[in-house]
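Novice: Take this structure, written in C-alpha cells, and hold onto it; I'll ask about it next.
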Amino acid sequence: MHRLPTLLSGIFLVFLTSWLGLVAYPALQLGRLTPVADTDNGGSLPPTYGGQAIAGQRIYATEGCISCHSQQVRQTSITTSDIDRGWGVRPSVARDYLRDSTAFLGSRRLGQDLSNVGVRRPDAKWHFIHLYHPAAVCEGSLMPCFSDLFLVRKIQGQRSDDALNLTGADAPKEGYEVIPTADAKNLVAYLLSLRHDYPLPEAPVKKNGAAK
Amino acid sequence: MNHDHHNNQHENGSEETNRPLSPWLVGTFMLALCWGGFYLAFNSGGFRQDVYESNAVNWAGGGVAAAAPVDPKVVGKRLYTQNCVVCHQPTGMGVAGQFPPLVGSEYVLAQGNMGDNHLVMLVLNGLQGHFMVKGEAYNNAMVPWKQLTDEQIADILTYIRSDWGNNAPAITPAFVAQIRKETASANDSYTQEQLMAMPPMKSSGAQGATPATK
Amino acid sequence: MSDHTLPHHHPESGYLPVESKSIDASVRLPVIILFGNAIHWLVVAALLSVIVSIKLIAPGFLGGISFLNYGRLAPMARDLMLYGWASQAALGAGIWLMARLCGRPLGGKNAEGFGGMLLRTLIISATVLWNLAVLLGTLAIFAGYSTGVEWLEYPNWASAMLLLSFLLIGIWAVLLFDRRSTGRAEVAQWYLVAAFCWFPWVYGTANLLLVWKPIQASAQGPIQSWYCGSLLALWLLPVALASAYALLPRLLGSHLNRRNLATLGFWMLLMLGGWNGMDRLIGGPVPAWMTSAGVVAGVLFLIPIFMISINLLGMHRKEALVADSIPSRFLLMGLYALIVVGVIGAIASLPDVSGAVRFTAFTEAKTQLWILGAISLPLFGALYESLPHLLGRDCWSPVLSGRHYVLTLVGLGMLVVLMLLGGLFTGLALADPTVSFLNITSYSYPFHVMECVAQLLLLVAALLLGANITIALAGDYLLNKKTGK
C-alpha cells in the first residue's frame, strides 16, 4: 500500500468488481438482446419505430423531458402501484428499450411515467394541445409550455388541418392559427409509439379479471 | 497492507497508530456481510438474465417466474373513483331520489330476477326512465359506458361487488365481451322493462330462472 | 509564517517540515485558479437551482422561452454542480494535499526552474480547457444539444475535452505519490491516488458506452446508474475523505489511531461505490439480481461510512480547537452529512421503501445531501485551510467565512429535510392508485415553496464565499503586486 504499483493493482482489481457487474455484464448480455417474433401480428417485438418517432427521440432528449418523466414500469415484487395506476399492464424489461437510441429511464416523476403513454393517450391532438399549454388539459400541471414547438401564423385561405383547437385564453387572435412544427410532430409521433404492453418471453402479459 | 500494532511516527510528522479492532465491530461487520449474502442468494432469481421479479427464487432454472398478478379490485377501485363516484358517490350510497345506491343493490348483486348479464348490459348501454332499486323509485338516466374496455368494466364491476359489504362473484372480461357482442345492436339506453325482458344469465354462462312476464 | 489573526492552530511540525513553503509555491497558481473557477461555477449553479425551484412553484416563471425551460435548466444546474464546482474543487484540493502529503513540490527538483514553470503552465492550460468544456457544454444544453443522458448531458466534444483536461491534471498527482520523499503512505494518499485513477476510467467508460458510441439501449440503464454511483462515491467522495483524513488529525492536534479500520473502510468503499449507484434502478428494467445488488449495496454502504466516522470522529480531540476553526468545522459537518446520507441511502434501498419513494423528492434529497453535504462540506474545509498557506497570509474574512458556514448548513439542512418529507408524502400518495396525479402535484406545493427558500439561502452562501475569495485574492494582488491572478 505504500508503493504505487501495489496500490494501483489493488484499486484496479477491486474496482473491477463493480465494472464487471454493472458495465461489462450489461454490455455483453443485455446489450446483445435481440427482438423476438410477434406470433400474433407478424413482425417483431418490440415494434420498430417509424422515422418520425426516431426523430422525436432527439427532441425528447434535447428538451430535457427526462428531467421530469420516467419511462419504466417497476417490477411488482418492488411495488404494484405503477400498474395499479394504469401506467402499464406489465413491468418493463430490458428488451423493451431495444429500439431506442437512448434509454430514457428517468429518475424523477414530477410528471407521469410515459412508458405506455401511447396506449393511455392515443390521440395526437390531445398531445399537441398538452405540449402547447399543459394546464389547459391538465389543471395545475407543472409542465412548461413548449410554445416554441408551435407556430402562430395568419390563416392563409383555409384553416390548416393541423391547427390546434384551442379555446379561451389559449386561442390565438382572430384570423390566426396555431400549428405544430415538424419537431412537435416528431415528438408526438414518438410519444404515441411508447408502449410496453406486448408480451415477451421474460414478461408475459397477464389477463387480469380471472374469477377469484 | 501493513497492520502495525505499535505507534508509528510518520516521517512527515503525523502519527497513524493501530488500536486493535473491537470484536463488536468485527461481529457487526460479519453479520452485515452475511445478511447481504443471504439477501442476494434468495432475491436474485437465480442470477438469471431473464428473471426480473426479485421474489422468485429460480435455482432450478426452469421457466420464467410469473409477475405477481394484478388485483382487479384495486384497478377497479381506481376506475370507479375516476368514472362513477360523481353519481354513485365514493360510499356507493348514491344520492337519495336521484342516483341509486350500489350497496346491497339487486342490480349489482344479481339477486331475484336480476342476472349478471343485466348488470353488464346496463353499464354498457345505459338505463333510462323509471326504475326501482331496493324498493325506491328513480327516474333518471345512466349514460352508456361502452367506451371502456372489457377489462375495465369487469374490474369496476368486480370491485363494486366486493366493497361496502357487497359480496358477489367477480365478473370476467370474457363475459363482458360476450354481452357486448350480443347487445351490439342496441342503440339506445334500456328501460327497466326492456332490461328485465332478457333472461338472466350468470357470469359463468349458466342460464338463470326465466323472467316473470309483465 | 505571518501572524494569524484567524485562530488556526496547526503547529508547523504537524505538517511537512520539508520546505512546505516551496511546495505551496509550486502549486499555488494552478490550485488557486482551480478553486477560483470552482467557486464561480458554484455561484452560477446555485442561481440556476433557485430558478429551477421557482419553476416548480410557478411554471409560468420565465415561461414560453424554450431555452429557459425546466428540462434545460435543471440538467445545466446539476452538471455545473458536479463538473464545474465539485470536480474542480476536488482537483484543487487533491493537488495541494498530495503535494503536501508527499513532501514533494510539483515539478520536483525543477519546481522553481523552467521545468516547474512548464508544468504549472500545462496544468493551468488544462484547467482552462476544463472550464471551456464546462462552459460550452452548459451552453450546448441551453441551446438544445443535450444528449439526454442524465449527468452526461454534455455533447461528445465537451465531454472529450473534459476527460482530456482531467488526464493532463490528474496524472501529476499520481506521479507525485510515486516519487514522494516520505516512506509510509497515509490513508489520505490512498484515497487521492484512487480518486485520480478512477475518474478517467469511470467518465471515459460511461461516455463511451452512453454518449460517444452508445450501446444498445437495453443495456444503458445499469451503466448510467453505475456512473452516477461511481462519480459520487469513487471520485468526489474519496477526495473529500482525503481532505478529512489529512487535515482533521492535524487541525485538531490529534492523530489517527485506527489505521486498520481505515484500511478496511477504504477497500469497502472501493468495492461498494459503483454498486451503490444501483439504488436508482431498484425495481427497474434490469434482471432481479441487479435490483437485489442495489438493495444490498445501499445497506452495506453503511459499513465503510461507519468505519470512516469511527476513525475520524472517534479521535481524541481538543474541542477548543474545533470551535475556532472554520476548516475543521466544515470537515466535521461533512462527516456528519456522510453518516446521514448513508442512513438515508440504506433506508431508501429497502425494497418496500424504494417502491414508495423512488422517483420522488426523497431520492433527490439524498443526491443533494451527497453533493452539497458529504462532498462539498469537506471540500470547503480544504479550501479554507489551503488558501492561507498558498497565499502565505491570513486571507479569509472571519465574518464572511462564519456567515458562509452558517448559511450553508441552514440552507442544506432545510433543503434536505423538506425534500425528504415532501418526497415521503408524495411517495405514499403515489402508492395509492386512487389519488390522482395532479392532486399529488398540488400536495407538493408547500414543500416546493420552502425548498425554494432553502435554495435561496444556499445561493446567498455561495455569493458570500465568492465575495470572500475575491477579497482574499484581490488583497493578495494589491499587497504583493507580484504574480497576481
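Novice: What angle do you read, to the nearest 10 degrees and between 0 and 90, between the alpha-carbon axis of helix A:182-192 and the longest principal axis of chain A?
Specialist: Helix A:182-192 and the main axis of chain A meet at about 60 degrees.
Novice: I want to make sure I understand the PRE zone here: with the label point 7 angstrom from the Cα of residue A:139 toward its beta carbon, which residues in segment C:442-459 have backbone N atoms less than 19 Å away?
Specialist: Answer for this model: C:442-446.
Novice: Could you go through segment C:401-407 in sequence order and give the Karplus-derived ³J(HN,Hα) for each residue, using 6.51 cos²θ - 1.76 cosθ + 1.60 with θ = phi - 60°, rounded to whole Hz, and x for Gly and Pro?
Specialist: 4, x, 5, 4, 4, 5, 5
Novice: Still on this structure, please answer the following. Along the positive direction of the dipole of chain C (beta-carbon charges: Lys, Arg +1; Asp, Glu -1; about the Cα centre), which of C:383, C:304, C:46 reaches farthest?
Specialist: C:383
Novice: Tell me whether segment B:100-165 comes out rounded, prolate or oblate; compute the Cα gyration tensor, take square roots of the eigenvalues as a ≥ b ≥ c, and use a/c under 1.5 as the rounded threshold.
Specialist: oblate
Novice: Another question, if that's okay. What is the Å³ per residue value for the convex hull set by the Cα atoms of segment B:72-197?
Specialist: So the per-residue hull volume is 95 Å³.
Novice: Another one. Apply 1/(1 + (r/R0)^6) to the Cβ-Cβ distance of residue A:156 and residue A:124, taking R0 = 25 Å, and write down the FRET efficiency to the nearest 0.05.
Specialist: Computed FRET efficiency for residue A:156 and residue A:124: 0.65.
Novice: Please list the non-local residues whose amide H lies under 5 Å from the amide H of residue A:151, H modeled 1.01 Å from N, same-chain partners needing a gap of 5 or more.
Specialist: For residue A:151, whose amide H was placed from the backbone, the distant partners under 5 Å are A:179, A:181.
Novice: Per 5 Å bin, what percent of the C-alpha pairs of chain A does each bin hold, from zero upward?
Specialist: Percent of Cα pairs in each bin: 1, 6, 11, 15, 15, 13, 10, 8, 7, 5, 3, 2, 1, 1, 0, 0, 0.
Novice: If you take the square roots of the eigenvalues of the alpha-carbon gyration tensor of segment A:1-93 and sort them as a ≥ b ≥ c, do you get rounded (a/c under 1.5), prolate (a/b over b/c) or oblate?
Specialist: prolate
Novice: Placing +1 on the Cβ of each Lys and Arg and -1 on the Cβ of each Asp and Glu in chain C, which of C:103, C:31, C:212 has its Cα farthest towards the positive end of the resulting dipole?
Specialist: Of C:103, C:31, C:212, it is C:103.
Novice: Under a point spin-label approximation (7 Å from Cα along Cα-to-Cβ), what is the residue A:2-residue B:187 distance to one decimal in nm?
Specialist: 9.7 nm
Novice: Here is a further query. Taking θ = phi - 60°, what integer Hz values does the Karplus form 6.51 cos²θ - 1.76 cosθ + 1.60 yield along segment A:121-135, in sequence order, with x for Gly and Pro?
Specialist: 10, x, 9, 4, 5, 4, 5, 5, 5, 5, 5, 5, 8, x, 5
Novice: May I pose another question? Across chain A, where is the longest run that never hits GluC sites (Glu not before Pro) in a DSSP loop with at most 11 other C-beta atoms within 10 Å?
Specialist: A:1-138
Novice: Over segment B:72-197, calculate the relative contact order: mean separation of alpha carbon pairs under 8 Å at least 6 apart, over the residue count, as a percent.
Specialist: Here the relative contact order equals 30 percent.
Novice: Would you kindly calculate the translational diffusion coefficient of the protein assembly as shown, applying Stokes-Einstein with the Kirkwood radius from alpha carbon pairs, for 25 °C and a viscosity of 0.890 mPa s, and quote it in µm² s⁻¹ without decimals?
Specialist: 81 µm²/s
Novice: Does segment C:187-315 classify as rounded, prolate or oblate by the C-alpha gyration tensor (a ≥ b ≥ c root eigenvalues; a/c under 1.5 gives rounded; else a/b over b/c gives prolate, otherwise oblate)?
Specialist: Here segment C:187-315 falls in the oblate category.
Novice: Right, here's the next one. Considering only Cα-Cα distances, which of the following residue pairs are longer than 22 Å: A:125/B:73; A:154/A:185; B:134/B:202; A:125/B:77?
Specialist: Where the Cα-Cα span goes over 22 Å, the pairs concerned are A:125/B:73; A:125/B:77.
Novice: Another question about this same structure. Quick one: what do you get for segment C:103-161 if you divide its Cα Rg by 2.2 N^0.38 Å?
Specialist: The reported ratio for this selection is 1.61.
Novice: What is the ratio of the Cα radius of gyration of chain C to 2.2 N^0.38 Å, where N is its residue count, to two decimals?
Specialist: In units of the globular-protein estimate, chain C measures up at 0.95.
Novice: Now for a separate question. Taking segment C:305-393, which trypsin sites (Lys or Arg not before Pro) meet the DSSP loop condition and have no more than 15 other C-beta atoms within 10 Å?
Specialist: For trypsin sites (Lys or Arg not before Pro) across segment C:305-393 that sit outside H, G, I, E and B with at most 15 neighbouring Cβ atoms in 10 Å, the list reads C:318.
Novice: Check each of the trypsin sites (Lys or Arg not before Pro) in segment C:116-221 and keep only those in coil by DSSP with at most 12 other C-beta atoms within 10 angstrom; list them in order.
Specialist: Listed in order of number, the matching sites are C:179.
Novice: In a shell of Cβ-Cβ distance under 11 Å around residue A:149, excluding residue A:149 itself, what net charge do Lys and Arg (+1) and Asp and Glu (-1) give?
Specialist: -2
Novice: Follow-up question, since we're still on this one. With the contact rule set at Cα under 8 Å and sequence spacing of 6 or more, what percent relative contact order holds for chain A?
Specialist: Normalised by residue count, the contact order of chain A is 25 percent.
Novice: Quick one: among A:179, A:54, A:11, which has the greatest mean-square fluctuation in a GNM of chain A with alpha-carbon springs under 10 angstrom?
Specialist: Result: A:11 has the largest fluctuation of those listed.
Novice: Kindly provide the GluC sites (Glu not before Pro) of segment C:111-154 that DSSP labels as loop, not H, G, I, E or B, and whose Cβ sees at most 15 other Cβ atoms within 10 Å.
Specialist: The qualifying sites are C:112.
Novice: So what's the gap between the Cα centers of segment A:1-56 and segment C:176-243, to the nearest angstrom?
Specialist: What the calculation gives is 19 Å, centre to centre.
Novice: Once amide H atoms are built 1.01 Å from N in the peptide plane, which residues 5 or more positions from residue B:18, or in another chain, come under 5 Å H to H?
Specialist: Under 5 Å from the amide H of residue B:18 lie the amide H atoms of B:6, C:259, each far enough along the sequence or on another chain.
Novice: Report the charge-dipole magnitude of the protein assembly as shown in Debye, nearest 20, computed about the Cα centre from +1 at each Lys and Arg Cβ and -1 at each Asp and Glu Cβ.
Specialist: 1160 debye
Novice: Could you work out which residue, out of A:57, A:71, A:158, moves most in a Gaussian network model of chain A, that is, has the largest mean-square fluctuation with Cα springs under 10 Å?
Specialist: Result: A:158 has the largest fluctuation of those listed.
Novice: If you don't mind, another one. Treating only the Cβ atoms of Lys and Arg (+1) and Asp and Glu (-1) as charged, compute the dipole magnitude of segment B:109-190 about its Cα centre; round to the nearest 20 debye.
Specialist: The dipole of segment B:109-190 has a size of about 100 debye.
Novice: Whole-Hz ³J(HN,Hα) for each residue in segment B:144-157, computed from phi via Karplus 6.51 cos²θ - 1.76 cosθ + 1.60 with θ = phi - 60°, x for glycine and proline: what do you get?
Specialist: Result, rounded to whole Hz: x, 10, 6, 6, 6, 7, 4, 4, 5, 5, 4, 5, 4, 5.
Novice: Still on this structure, I have one more. What percent do you get for the relative contact order of chain C when only Cα pairs under 8 Å and 6+ apart count?
Specialist: Computed over chain C, the figure is 18 percent.
Novice: 7 Å from Cα along Cα→Cβ at both residue A:205 and residue B:82: what's the point-to-point distance in nm?
Specialist: In this crude spin-label approximation the distance works out to 1.6 nm.
Novice: Would you mind working out the magnitude of the charge dipole of segment C:18-480 relative to its Cα centre, with +1 at each Lys and Arg C-beta and -1 at each Asp and Glu C-beta, to the nearest 20 Debye?
Specialist: For this selection, approximately 800 debye.
Novice: Rounded to the nearest 0.05, what FRET efficiency is calculated for residue B:33 and residue A:20 with R0 set to 25 Å and r the Cβ-Cβ distance?
Specialist: For R0 = 25 Å, the calculated efficiency reads 0.80.
Novice: Moving on to the next point. Report, by chain and number, residues whose modeled amide H sits under 5 Å from the one on residue A:45, excluding near sequence neighbours (fewer than 5 apart, same chain).
Specialist: A:36, A:37, A:38
Novice: Okay, next question. In what sequence do A:196, A:127 fall when counting other Cβ within 10 Å, fewest first?
Specialist: A:127, A:196
Novice: Label points 7 Å out from Cα along the Cβ direction at residue C:449 and residue A:170: separation in nm?
Specialist: Going by the 7 Å Cα→Cβ label model, 2.7 nm.
We did not get these values from a lab; they are worked out from the coordinates using the rules stated. All values reported here derive from a predicted model rather than from experimental measurement. Cβ sites come from the backbone with ideal geometry, for glycine too, and all protein chains shown count toward neighbours.
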